[in-house]
Structure formats: structure tokens, C-alpha cells
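Data first, discussion second: the structure below is written as C-alpha cells.
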Amino acid sequence: MGETVAPRIAIPMPHSTDTEYGERAIPQYEHAVALAGGEPVRVALDQTQDEIRKLMGTCDAVLLPGSNADVDPARFHAARSPHTAAADPRRDAVDDLLLDDAYKQRKPVLGICYGLQSLNVYRAGSLVQHIPEFLPEAARAKVDHEAGRKVPIAHAVEIEPESRLAQIVADKNADAPLLVPVNSSHHQSAEAIGKGLRVVARCPDDGIIEALEGTAPDHFVLAVQWHPERSVDDDAASRAIFRALIDAASRRR
């Protein structure tokens, strides 16, 4: 028997101009993919479309990482909030190319934080541009969604029973809502949900959308608003998310 080849997972660099942020962030995603049995493949954002398409031809799945940019609100026909960070058009263009290929070829997709937002906008959804502006005043202080690296756990998410995500993190068919502690670092979230996606997790304290998954049974599409790559070494649910991506990529092969 020949040696099993690890599925190749395309990961765009997190930001096209803030290289310090990108170089600091991407090793965590690469470590999580390798730990799950995949081969991470960095996708530089300064390549031509043809170069990226050629690289995608060698990859089995896509992982869209976080970013310190925000998706351009013009992409979902909204006026810009003063709290919205500068857009990264090159990152958005590369995400779109990777998603074009993934949807055409039914390659598995995992979006994380900005990756969820990018996926939702790609599928013609919209975003909450600043969570505190969106929530009623009484709910604003309940959860710090931006807690991020200051704390290992920012809050819990409640996962829909019978969702693909529930099966992944529970390692069984869940028939009751699951509460999972997560690390999160975001000030935006999904609002109107894109075509072929559905909400499968929310923050129970304020209702903010925390995970989406694809509705097509033959295509693995999952996106989480938190950062499982930060906790893979000590959290089984985080490891299970990356393992599910690698398993889906292996099956597609």
C-alpha cells in the first residue's frame, strides 16, 4: 500500500500590507492544520489570479483565517460605520478566488472569524459592522467579544443540536443544545445570512451569530466566529473542528 498523502489546505495570508500581523497569526493556523493531519499551503496575496488558480489546483480544501481588516461595507451595500477598520481589497479578492474554486469543485471550506464574515459576504450576506452599536444598550456589557488574547476564554457559544458543528464538537449526534467555551476577538458578526448558509451557533448572552454552515449535504462548509486555532493544544472541541476539515478533504480526494 502507498503512503497516504496529507490533504493540502490553502490558507491565504491574513493581511496584504500588515505583514507583521500576518506572520504572527498564520503559524497558529498552520499548526492546527498539521496537528489534524493536513498540509498547510500559504497563499500569498500578491500573486496573479492565474497563479492562485494554479495553486488551488493542487489543494484539497480552503481555510479562511482571521484578519485585522474589515470587509468593505460597500460589498454588502451598507454605509461605513466609523468603527469599521480599513478594508483589505487584495485579501478579499484572494478569498473570492479560493471560494469560487471551492464551490465549483466542492472543496471543503473552513472560515475563522474574518473568514466567516468574508464567506457570508461572498454568499451575498451582510455584516453587523460594530456589535455594541447593534445590540440594545442593556445587552452591550454582557459579553466582550473582543477579549481575544487577553483571556483564554471570552464567552460560551450555544450550538444548534443536529447541526454538523454539533456532531463535530460533541463527537456524536447531539439532541440538545451544546454550550462550548471559546476564545473570540471580533467586533463584527454576520447579520443577513448568505445563500446556502444557515446559523448553527449563537452567543446565548446576547444572540450574536457565532457559526454558520453550508446547507448542501455534499459540500463541507463551516465557519466559526471564534478562534479554535488558539486552543488546539488543550481543547478537544477546537481540535475536532480542524480534524473535520481534514477528514472532509480526505474524503473528497
Which residues, counting only those in the range 41-62, are under 15 Å from residue 6 (Cα atoms) and either surrounded by 21 or more Cβ atoms within 10 Å (Cβ to Cβ) or among the hydrophobic types (A, V, I, L, M, F, W, C) (or both)? 41, 59, 60, 61, 62
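Looking at the range 74-96, which of its residues are in a helix (DSSP H, G or I) and surrounded by fewer than 18 Cβ atoms within 10 Å (Cβ to Cβ)?
Filtering the range 74-96 for residues in a helix (DSSP H, G or I) gives 74-76, 89-96.
Within the range 74-96, 74, 75, 89, 93, 96 meet the criteria.
Looking at the structure I just gave you, is residue 14 free of Cβ contacts under 8 Å to residues at least 12 places away in the same chain and on the phi < 0 side of the Ramachandran plot?
Details: free of Cβ contacts under 8 Å to residues at least 12 places away in the same chain: no; on the phi < 0 side of the Ramachandran plot: yes.
No, not satisfied.
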Please work out if residue 27 is without any contact (Cβ under 8 Å) to a residue 24 or more places away in the chain and over 18 Å from residue 226 (Cβ atoms). yes
Residue 57 being under 19 Å from residue 230 (Cα atoms) and small (Gly, Ala, Ser): no
Among the candidates 147, 139, 156, which residue alone is in contact with an Asp or Glu (Cβ under 9 Å, 6 or more places away or on another chain), of a type in the set (A, V, I, L, M, F, W, C) and modelled with pLDDT under 60? 139
Look at the range 202-228 and say how many of its residues are in contact with a strand residue (DSSP E or B) (Cβ under 8 Å, 6 or more places away or on another chain) and at pLDDT below 95. 11
I want to confirm something. Restricting to the range 101-131 and keeping residues that are out of contact with any Gly (no Cβ under 8 Å at 6 or more places or on another chain) and among the β-branched types (Val, Ile, Thr), which single residue is farthest from residue 61 (Cα to Cα)? 131
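Return a yes/no flag: does the range 188-200 have any residue that is among the hydroxyl-bearing types (Ser, Thr, Tyr) and out of contact with any Asp or Glu (no Cβ under 9 Å at 6 or more places or on another chain). Walk me through it before giving the result.
Kept after step one, since they are among the hydroxyl-bearing types (Ser, Thr, Tyr), are these residues of the range 188-200: 189.
Retained after the next criterion (residues that are out of contact with any Asp or Glu (no Cβ under 9 Å at 6 or more places or on another chain)): none.
The answer is no, given that none of the residues of the range 188-200 is among the hydroxyl-bearing types (Ser, Thr, Tyr) and out of contact with any Asp or Glu (no Cβ under 9 Å at 6 or more places or on another chain).
Could you tell me which residue of the range 101-124 is nearest to residue 165 (Cα to Cα), considering only residues that are in contact (Cβ under 8 Å) with a residue 40 or more places away in the chain and out of contact with any strand residue (DSSP E or B) (no Cβ under 7 Å at 6 or more places or on another chain)? Before you say what the answer is, go through the steps one by one.
Residues of the range 101-124 in contact (Cβ under 8 Å) with a residue 40 or more places away in the chain: 101-103, 106-124.
Then drop every residue that is not out of contact with any strand residue (DSSP E or B) (no Cβ under 7 Å at 6 or more places or on another chain), which leaves 101, 103, 106, 113-114, 122, 124.
Values: 101: 23, 103: 19, 106: 18, 113: 15, 114: 18, 122: 21, 124: 22 Å.
For the range 101-124, the residue satisfying everything is 113.
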So the check is Cβ under 8 Å with 6+ separation or different chains; which pairs have a first residue in the range 198-226 that's at positive phi and a second one that's of a type in the set (A, V, I, L, M) and surrounded by fewer than 22 Cβ atoms within 10 Å (Cβ to Cβ)? 207/139
The condition from (1) under 18 Å from residue 253 (Cβ atoms); (2) free of Cβ contacts under 8 Å to residues at least 40 places away in the same chain; (3) more than 18 Å from the chain's Cα centre (by Cα) that residue 34 misses is numbered (3)
Looking at the range 236-253, which of its residues are in contact with a strand residue (DSSP E or B) (Cβ under 8 Å, 6 or more places away or on another chain) and more than 11 Å from residue 165 (Cβ to Cβ)? 242, 245, 246, 248, 249, 252
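The values are calculated or read from the model by the stated rules, or taken from the named source; none is laboratory data. Just so you know, these numbers come straight off a predicted model, no measurement behind them. Using ideal geometry, Cβ is built from the backbone for each residue, glycine included, and neighbour counts are taken over all protein chains shown.
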